[in-house]
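To start, the structure under review is shown below, and the notes come after it.
Each reported figure results from applying straightforward, stated rules to the coordinates on display, with no laboratory input. Keep in mind that what you see is a predicted model, and the values were worked out from it rather than measured. Glycine also receives a Cβ, built like all others from the backbone with ideal geometry; neighbour counts cover every protein chain displayed.
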Amino acid sequence: MLFLAGRGFRCVAHDRRGHGRSSQPWNGNEMNTYADDLAALTEAVDLKDAIHVGHSTGCGEVARYFGRHGTKRVTKAVLIGAAPTLMPKTPANPGGLPMEVFDQIRAGVQADRSQFFKDLTVPFYGANRPGAKVSQGLRDSFWLQGMMAGHEAVYECIKAFSETDFMEDLKKIDVPTLILHGDGDQIVPIANSEPLSAKLVTGSSRKVIPGAPHGMCSTLKDQITSELLVFFRRAHRGSS
């Protein structure tokens, strides 16, 4: 945001309900409410011709926003490290992950979320890959952000990002869309995610970052921000 704001763009970010500095309500920790919260913020600050950028679970929020609220205030979209349309393995989604994977995440969050977040930094940033340069400061920042979130919000968010089907939402995105994904992503492996998203979003453009982890916005921030700037300027020369 600092990079983009310094180049003439108005940048607005929100902390998802239950996360960051937002309040921690017991209810509404699911995608419909996440999208409605985003719509309320968009209207409150009167964004027009906006470019919505989502990362990971945030891509689900962006997709569901389009599904529920349309594109009247949006001119472009960017999906970074987007989860597939549906993550668990089902008869209709044979390439998905076993539900046991998400049950293990829930168990880890419930038993010792502090250690869970510390451990998660390794695959998230690709710290276990040869030649990886992931600072302890970055890993500590990830842990801090996780611990700022409400326990219930984190627990329920696992279901929200993994079990929500975004197929129909992605089909409703009718603005130019950039899809960025790292082929070293260990959290959302590219094979079962990015190609399907690109297929469902009509006219989308794809960019695969070689070797990049899920947290590439931090580990490769200069490259990612440059990609965003090129896409933004091609799409919209205003400052929304």
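Put in line by how crowded their Cβ is, counting other Cβ atoms within 10 Å and starting with the fewest, C157, C11, C59 read C11, C157, C59. With 24 Å as the limit on Cα-Cα distance, the pairs of K172/K199; K72/K159; K76/K171; K72/K172; K118/K159; K118/K199 that go past it are K72/K159; K118/K199. Candidates T121, F142, T71 compared by Cα position along the dipole of the chain: farthest toward the positive end lies T71, with charges placed on Cβ.
Under the combined filter of DSSP loop state and at most 14 neighbouring Cβ atoms within 10 Å, segment 5-105 retains these chymotrypsin sites (Phe, Trp or Tyr not before Pro): W26. When the helices of the chain are scored as -39500 (n - 2.57) per DSSP H run of n ≥ 4 and the total is divided over every residue, the value at 222 nm lands at -14500 deg cm²/dmol.
With neighbours defined as other Cβ atoms within 10 Å of a residue's Cβ, the residues H151, H52 order from fewest to most as H151, H52. The Kirkwood radius of segment 16-143, taken over pairs of alpha-carbon atoms, gives through the Stokes-Einstein law at 10 °C and 1.306 mPa s a diffusion coefficient of 93 µm² s⁻¹.
Amide H to amide H distances under 5 Å link V78 with H52, V53, G54, L178, where only residues 5 or more positions off or on other chains count and H is placed in the peptide plane.
Phi angles of segment 41-55 translate, via the Karplus equation with coefficients 6.51, -1.76, 1.60 and θ = phi - 60°, into HN-Hα couplings of 5, 4, 6, 5, 9, 6, 6, 9, 6, 7, 10, 8, 10, x, 10 Hz per residue; Gly and Pro are given as x. Measuring gaps between exposed loop sites in the chain (trypsin sites (Lys or Arg not before Pro); DSSP loop; at most 14 other Cβ atoms within 10 Å), the longest gap, sites not included, is 134-236. From the alpha carbon centroid of segment 15-78 to that of segment 149-184 is 11 Å.
If you take the charge dipole of segment 1-80 about its Cα centre, with +1 on Lys and Arg Cβ and -1 on Asp and Glu Cβ, which of A50, F9, S23 is farthest toward its positive end? Selected residue: F9. Per-residue Karplus couplings for segment 210-216, computed as 6.51 cos²θ - 1.76 cosθ + 1.60 with θ equal to phi - 60°, are listed in order as x, x, 6, x, 4, x, 5 Hz, Gly and Pro entered as x.
In terms of other Cβ atoms within 10 Å, V230, V154 run from fewest to most in the order V230, V154. Can you bin the chain into rounded, prolate or oblate? Criterion: square roots of the alpha carbon gyration tensor eigenvalues sorted a ≥ b ≥ c, rounded for a/c under 1.5, prolate for a/b above b/c, oblate for the rest. Because its axes are fairly even, with a/c under 1.5, the chain counts as rounded. For segment 113-124, 3J(HN,Hα) computed residue by residue from phi via the Karplus equation (6.51, -1.76, 1.60; θ = phi - 60°) reads 5, 4, 5, 4, 5, 4, 5, 5, 4, 5, x, 4 Hz, glycine and proline entered as x. Under a 5 Å amide H cut-off, with hydrogens placed 1.01 Å from N, L97 pairs with K89 among residues at least 5 apart or on other chains.
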